[in-house]
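Below is one structure, written out as structure tokens, with a few remarks after it.
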Amino acid sequence: MNVLDSILTQASSIVAVRKDIHAHPELCFEENRTADVVAKKLTEWGIEIDRGMGTTGVVGIIKSGNSQKAIGLRADMDALPIHEKNTFEHASKHEGKMHACGHDGHTAMLLAAAQHLSKHRNFDGTVYLIFQPAEEGGGGAREMIKDGLFKKYPMDQVYGMHNWPGLGVGQFAVSPGPVMASSNEFKIVIKGKGSHAALPHNGIDPVPIACQMVQAFQTIITRNKKPVDAGVISVTMINAGHATNVVPDACELQGTVRTFSIEVLDLIEKRMQVIAEHVCAAHDAQCEFEFRRNYPPTINHASAVGEVRKVLNQVVGAEHIVDQEPTMGAEDFSYMLQALPGAYFFIGNGEGEHRHVGHGEGPCTLHNPSYDFNDDLIPLGGTVWVRLVESLLAK
């Protein structure tokens, strides 16, 4: 691995920042302390900053040379509402909050790159360092864009990097096209007519209607969409009734839908509503149908993926680059890739061997209470960011 010496020599100080952020996790749109830490470091290194975009976002601006070219590098800052099981020194000090997805490490990697870029400025153009709030369900990327991120700071491309447990340290994964799914939620209320359970003919039982509906939804996946198009409908909650001898008035279904394209999402939403309403009508019940679209699919631009692969070849070698298998997880960096060309790629976090003493029982996987970011990634990830800037904004 060709890691930059200047980043390697400063790695311990950046690791300290990462552990400090890990110990003080903040949920979406509450990242005030984290933003303070980021802003203080950028200011120390002579980097111009802009605060408050998307509520708690921080943008660092580094200019060099005379070129009008500009790129954005994004890191997320927020934590998750999870009770941490780790007991090491930098474990969460805030009950019920935890950096269980590595956003503390993403912030640290971009800070490592920022320090080097500010000092050496071996590029021609402008780098925008985007420290984004509220990736975990808050749509912080969307809110920063609404606040004028790309209008105030015009950039040609934007890139994001996420750690990936199970992928070896020193390995990267990147692919063109869809790499993460859209995230959507639905709620359906079936309104029947309550009755004594021993006299069901006097009522309209919403429970068997719900059962038919759940089964019918799977025909959308198996019979309505093309078999080669990916899509998931998962009914994850069914709530009805409070007594064994009472037919309830209503039954509520909730769940999630995931797709890799808007076209398949449009199809699924339309068919779900038709099925829900008509199954209810067939049994003289009423239907309330709600469908909320959260994050769109994350779709990489082929040319940007080529740029990333070129840089990764230089840093780790082609043998350490693999294709990213698309995952049904979701990511709000998708909003940025809808607005601009770019790519979202993955850096291996290993299997968890970096957790020595004080880690909780359980695997080192994302959104797990025993997770911890692998600090060996900080100089490597920082180097990749720097080399990407130097490649895209070559003098």
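The values are calculated or read from the model by the stated rules, or taken from the named source; none is laboratory data. Quantities reported herein were computed from a predicted structural model and do not represent experimental measurements. Counting neighbours? That spans all protein chains shown, and the Cβs are built from the backbone with ideal geometry, glycine included.
Take G329 and tell me if it is assigned to a loop (DSSP other than H, G, I, E, B) and under 14 Å from the mean Cα position of the chain (by Cα). Here the answer is yes, as G329 does meet what is asked.
Restricted to strands (runs of 3 or more DSSP E) entirely inside the stretch 168-242, those with at least 2 residues that are free of Cβ contacts under 8 Å to residues at least 40 places away in the same chain and of a type outside the set (A, V, I, L, M, F, W, C) are 231-240. Go through the residues of the stretch 250-262 one by one and say whether even a single one is surrounded by 14 or more Cβ atoms within 10 Å (Cβ to Cβ), under 30 Å from K69 (Cβ atoms) and small (G, A, S). Within the stretch 250-262, not a single residue is surrounded by 14 or more Cβ atoms within 10 Å (Cβ to Cβ), under 30 Å from K69 (Cβ atoms) and small (G, A, S). Is there a residue being part of a helix (DSSP H, G or I), over 15 Å from M161 (Cα atoms) and not assigned by TED's automatic domain parsing to the domain that holds G255 anywhere in the stretch 380-388? No, because not a single residue in the stretch 380-388 is part of a helix (DSSP H, G or I), over 15 Å from M161 (Cα atoms) and not assigned by TED's automatic domain parsing to the domain that holds G255. T9 falls short of the stated requirement of being free of Cβ contacts under 8 Å to residues at least 12 places away in the same chain and in contact with a strand residue (DSSP E or B) (Cβ under 8 Å, 6 or more places away or on another chain).
With the condition kept exactly as written, say whether any residue in the stretch 131-143 is touching a residue at least 60 places away in the same chain (Cβ under 8 Å), under 30 Å from P363 (Cβ atoms), out of contact with any Phe, Trp or Tyr (no Cβ under 8 Å at 6 or more places or on another chain) and not in a loop (DSSP other than H, G, I, E, B).
Of all residues in the stretch 131-143, those touching a residue at least 60 places away in the same chain (Cβ under 8 Å) come to 131-143.
Adding the requirement that they be under 30 Å from P363 (Cβ atoms) leaves 131-141.
Imposing the further condition that a residue be out of contact with any Phe, Trp or Tyr (no Cβ under 8 Å at 6 or more places or on another chain) reduces the set to 131-132, 136-137.
Filter once more, keeping what is not in a loop (DSSP other than H, G, I, E, B): 131-132.
Yes, that holds for at least one residue.
Could you please let me know if P227 is modelled with pLDDT of 95 or more, within 25 Å of T256 (Cα to Cα) and either out of contact with any Lys or Arg (no Cβ under 8 Å at 6 or more places or on another chain) or surrounded by 16 or more Cβ atoms within 10 Å (Cβ to Cβ) (or both)? Here the answer is yes, as P227 does meet what is asked.
Counting only residues that are more than 23 Å from F88 (Cβ to Cβ) and touching an Asp or Glu at 6+ places or on another chain (Cβ under 6 Å), the stretch 24-43 holds 1 of them.
Reported count of residues in the stretch 22-44, each being buried (at least 16 other Cβ atoms within 10 Å of the Cβ) and not aliphatic (A, V, I, L, M), is 10. Summed over the stretch 114-162, the residues that are surrounded by 24 or more Cβ atoms within 10 Å (Cβ to Cβ), within 24 Å of S6 (Cβ to Cβ) and out of contact with any Ser or Thr (no Cβ under 7 Å at 6 or more places or on another chain) give a count of 8.
Could you check how many residues of the stretch 335-355 are touching a helix residue (DSSP H, G or I) at 6+ places or on another chain (Cβ under 7 Å) and outside any strand (DSSP E or B)? Of the residues in that region, 5 qualify. Just a yes or no: is a residue in the stretch 74-84 under 14 Å from V59 (Cα atoms), at pLDDT 95 or above and among the basic types (K, R)? Checked against the condition, which is being under 14 Å from V59 (Cα atoms), at pLDDT 95 or above and among the basic types (K, R), the stretch 74-84 yields at least one hit.
Selection over the stretch 362-395 of residues that are buried (at least 24 other Cβ atoms within 10 Å of the Cβ) and among the hydroxyl-bearing types (S, T, Y) gives a count of 2.
For the stretch 67-75, the criterion of being within 28 Å of P363 (Cα to Cα), in the same structural domain as Y128 (by TED's automatic domain parsing) and surrounded by 13 or more Cβ atoms within 10 Å (Cβ to Cβ) is satisfied by at least one residue. Which residues, taken from the stretch 313-353, are touching a residue at least 40 places away in the same chain (Cβ under 8 Å) and touching a Cys at 6+ places or on another chain (Cβ under 9 Å)? Hits for the stretch 313-353 are N349, G350, E351, G352.
Please verify whether the stretch 244-255 includes one or more residues that are in a helix (DSSP H, G or I) and within 25 Å of the chain's Cα centre (by Cα). Checked the stretch 244-255: no residue is in a helix (DSSP H, G or I) and within 25 Å of the chain's Cα centre (by Cα).
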